[in-house]
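**Q** What follows is a structure written as structure tokens; I'll ask about it next.
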Amino acid sequence: MALLTCNFFSESLGLSTSMNVILPQQTRSQIGMENVKRPGPHKTLYLLHGLSDDDTIWVRRTSIERYAAAYGIAIVMPQVHRSFYTDMAHGEKYWEFISEELPELARSFFPLSAEREDNFAAGLSMGGYGAFKLALRRPDRFAAGASLSGALDIASMVENGNNPRAGLLDTIFGEQKVRGSEDDLLFLLDRTAKGSAPKPKLYQCCGTEDFLYKDNQTFKKAAESSGLDFTYEEGPGEHEWGYWDTMIQRVLEWLPLGEPKK
């Protein structure tokens, strides 16, 4: 595998930003890595970071490069700061960036597939919200989305006056009503289930000791009754990297990648 740090200018954000990218590399003599080969442009997982992290965090805290090598999949890890993957009321257009500009730029820089069936999103915490947002708002572009300990009931967070993130959420969403909007995953889930657009596969996991467990149960209940292809896993775990390092391996196993050529 090749690991690249890419610094570039974003028209959507009006500033320079970065992404870390893992690309498949076929090797014959590398020790300790299982590399596989797939034909054509690379299948791609957009792997999203959480609220307190950045585009380097998945590489620093997990063995994602080694895990991805066995599947022959490219991993794109963008920087979005504390935006909740949203066009901020008082800030930059991070939804436009992540959903429109980033995939086009990444494909212009690297040999990544543009086909829906080859594109997926996953993330942890805030990134779990972003991954499901991509899958449910753009099911025409993403075949699957996975949330690890995701912040999945954002409307309730915004409405909860005691939320320690209330100031940040005000910066992001401003005065707009989130419930029933394009930023509400439960609304998007219902619309996608009832609509005519392609249906994405969804994977959700959360540790039973996680402070977001209750919110995850709310989304799980709605997803199970939606009729979408939905997989849920839970078990002992808190909001921490040991859990996510284990579960990102489960996500890679779950993704609809097809059989690679070894």
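**Q** Might you let me know whether the range 228-237 holds any residue that is surrounded by fewer than 19 Cβ atoms within 10 Å (Cβ to Cβ), more than 19 Å from the chain's Cα centre (by Cα) and of a type outside the set (Val, Ile, Thr)?
**A** Checked the range 228-237: at least one residue is surrounded by fewer than 19 Cβ atoms within 10 Å (Cβ to Cβ), more than 19 Å from the chain's Cα centre (by Cα) and of a type outside the set (Val, Ile, Thr).
**Q** Output the qualifying pairs, or none if there are none: Cβ atoms under 8 angstrom, residues six or more apart or on different chains, first residue in the range 17-36 and in contact (Cβ under 8 Å) with a residue 12 or more places away in the chain and farther than 21 Å from Leu105 by Cα, second residue among the acidic types (Asp, Glu) and assigned to a loop (DSSP other than H, G, I, E, B).
**A** none
**Q** Any residue at all in the range 77-86 that is out of contact with any Leu (no Cβ under 9 Å at 6 or more places or on another chain), over 21 Å from Leu136 (Cα atoms) and among the small types (Gly, Ala, Ser)?
**A** Taking every residue of the range 77-86 in turn, none turns out to be out of contact with any Leu (no Cβ under 9 Å at 6 or more places or on another chain), over 21 Å from Leu136 (Cα atoms) and among the small types (Gly, Ala, Ser).
**Q** Could you list, in sequence order, the residues of the range 173-195 that are among the acidic types (Asp, Glu) and within 23 Å of Leu228 (Cα to Cα)?
**A** Passing the criteria: Glu182, Asp183, Asp184, Asp190.
**Q** Give the residue that is surrounded by the fewest Cβ atoms within 10 Å (Cβ to Cβ), with candidates limited to residues of the range 53-70 that are in a loop (DSSP other than H, G, I, E, B) and modelled with pLDDT of 95 or more.
**A** Ser63
**Q** Here's something else I'd like to know. Name the residues in the range 183-197 that are farther than 20 Å from Lys221 by Cα and either in contact (Cβ under 8 Å) with a residue 40 or more places away in the chain or charged (D, E, K, R) (or both), would you?
**A** Ala197
**Q** Please go through the range 169-182 and pick out each residue that is acidic (Asp, Glu) and modelled with pLDDT of 95 or more.
**A** Glu182
Residue-wise test of (1) of a type in the set (Ser, Thr, Tyr); (2) farther than 21 Å from Arg38 by Cα; (3) without any contact (Cβ under 8 Å) to a residue 40 or more places away in the chain.
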site	(1), (2), (3)
Glu65	no, no, no
Ala68	no, no, no
Phe84	no, yes, no
Ala89	no, yes, no
Glu92	no, yes, no
Glu104	no, yes, yes
Phe109	no, no, no
Ala114	no, no, no
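**Q** Which condition number does Met77 fail, the rest of (1) closer than 17 Å to Leu134 by Cβ; (2) surrounded by fewer than 22 Cβ atoms within 10 Å (Cβ to Cβ); (3) not small (Gly, Ala, Ser) being met?
**A** The one condition Met77 does not meet is (2).
The values are calculated or read from the model by the stated rules, or taken from the named source; none is laboratory data. It should be emphasised that the depicted structure is a prediction, and the values quoted were computed from it without experimental measurement. Cβ coordinates were reconstructed from backbone atoms using ideal geometry, including for glycine residues, and neighbour counts include every protein chain displayed.
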